[in-house]
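Novice: One structure is given below, represented as structure tokens, and several questions about it will come after.
The values are calculated or read from the model by the stated rules, or taken from the named source; none is laboratory data. Here the structure is a predicted model, which is why all the values come from computation and not from measurement. Cβ atoms come from the backbone with ideal geometry, glycine included; neighbour counts cover every protein chain shown.
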Amino acid sequence: MVPDQTKKTLSMSEILNLGFIGIGKIAGAVIEGLCTSEIENVEIRLSPRNEKNSVRLSERFPNVHRMESNQDVLDRSDIVFLCLRPAQAEGILTGLSFQPNHTVVSLIPLIRHSRLATMVAPAGSICRAIPLPPVTSHHCPIPVFHATETVVNVLNFIGQTLPVSNEDHLHAIWTLTCLITPYYDLLNELSSWTQSHGVDSQLANRYIADLFESLAHAAQMEDPVVFRDLAVHAATPGGMNERTGQLIRELGSHAAYRQAADEILKRFPG
Ligand SMILES: NC(=O)c1ccc[n+]([C@@H]2O[C@H](COP(=O)([O-])OP(=O)(O)OC[C@H]3O[C@@H](n4cnc5c(N)ncnc54)[C@H](OP(=O)(O)O)[C@@H]3O)[C@@H](O)[C@H]2O)c1
């Protein structure tokens, strides 16, 4: 994902009505991302829960409206984003009346397309997408599955869509999103080690954030991206990177990441 590589192509004379069911952390981020983007002619309707978030968003953005009920949201929306927790979703969705003109965008990880289709029948189009909180700054990869052109166009305002055509592959990719906490934990550990050698905390944190950002950016600029080649290129024979790479692998860090990913992937429906 290289910033601004995706052309934003939504240009409409008619209003596009977006609805959100479940206004928690990710819905809040997507709505904030959209309302601070260049998208135009969009009205956004929110389910009443979570009250604090939906009131805050509707007071902040003039095109965001908190509705009386989930059904009110559906009745006024063309595209409906489902932002509910997996365990709650079925009970909530089966009590609602979807229509054939609805496009449903599910952000829910553990419900397959086919099962979702029965819950939101007779909705005409169903897709799955994985936006993450950085969509607030319009810089975030967004894997999408079965997305319509309009959904892709909308999501391209808050990130960079990445089509995935196989649902099991989508689940493997979704598993990677569980590395956010371990990733920041790793950066924190490295910062703590640096500070233990007397370096000021903000100097350490700034350097670590910028170092990893620059390494990721260098990989993004490759075509094709081959991480193994980048690792070998950085490892001067007999040098410090080569030795550190060996030590960390021998200590089992890579195996721990694989084992954790295997365990999370098992939660997804086969
Ligand atoms: N957070 C992320 O970065 C992220 C990224 C991609 C996908 N997702 C997925 O997106 C979904 C939501 O995640 P989240 O982190 O935003 O969770 P969350 O903060 O817990 O949001 C879920 C929301 O659903 C609301 N809700 C509960 N019952 C409802 C009902 N009957 N009608 C309408 N809304 C109801 C809750 O309101 P109350 O607070 O009033 O109960 C809550 O605001 C999950 O499936 C998650 O796995 C999350």
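Novice: Across segment 68-91, what is the total count of residues that are aliphatic (A, V, I, L, M) and without any contact (Cβ under 8 Å) to a residue 24 or more places away in the chain?
Specialist: Matching residues across segment 68-91 total 1.
Novice: Moving on. Among the residues of segment 97-131, write down those that are buried (at least 16 other Cβ atoms within 10 Å of the Cβ) and near the ligand (Cβ under 9 Å from one of its atoms).
Specialist: Listed by number, the residues that qualify are 106, 107, 108, 109, 111, 129, 130, 131.
Novice: Applying the selection to segment 12-48, what residues are charged (D, E, K, R) and either in contact with a Lys or Arg (Cβ under 6 Å, 6 or more places away or on another chain) or under 17 Å from residue 76 (Cα atoms) (or both)?
Specialist: Of everything in segment 12-48, those that are charged (D, E, K, R) and either in contact with a Lys or Arg (Cβ under 6 Å, 6 or more places away or on another chain) or under 17 Å from residue 76 (Cα atoms) (or both) turn out to be 14, 43, 45.
Novice: To continue, here is another question. May I ask you to list the residues in segment 75-90 that are under 18 Å from residue 126 (Cα atoms) and either at pLDDT below 95 or under 23 Å from the mean Cα position of the chain (by Cα) (or both)?
Specialist: 77, 78, 79, 80, 81, 82, 83, 84, 85, 86, 89, 90
Novice: Output the residues belonging to segment 157-184 that are part of a helix (DSSP H, G or I) and hydroxyl-bearing (Ser, Thr, Tyr).
Specialist: Listed by number, the residues that qualify are 175, 177, 181, 183, 184.
Novice: Next question, about the same structure. Can you pull out the residues in segment 229-260 that are in a helix (DSSP H, G or I) and touching a helix residue (DSSP H, G or I) at 6+ places or on another chain (Cβ under 8 Å)?
Specialist: Matches in segment 229-260: 230, 231, 234, 241, 245, 248, 254, 257, 260.
Novice: OK, next. Select from segment 77-118 the residues that are more than 21 Å from residue 67 (Cα to Cα) and among the hydrophobic types (A, V, I, L, M, F, W, C) and list them in ascending order.
Specialist: If the condition is that a residue be more than 21 Å from residue 67 (Cα to Cα) and among the hydrophobic types (A, V, I, L, M, F, W, C), then 87, 108, 110, 111, 116, 117 are the ones that fit.
Novice: Could you list, in sequence order, the residues of segment 20-70 that are away from the ligand (no atom under 11 Å from the Cβ) and among the small types (Gly, Ala, Ser)?
Specialist: 33, 37, 58, listed by residue number.
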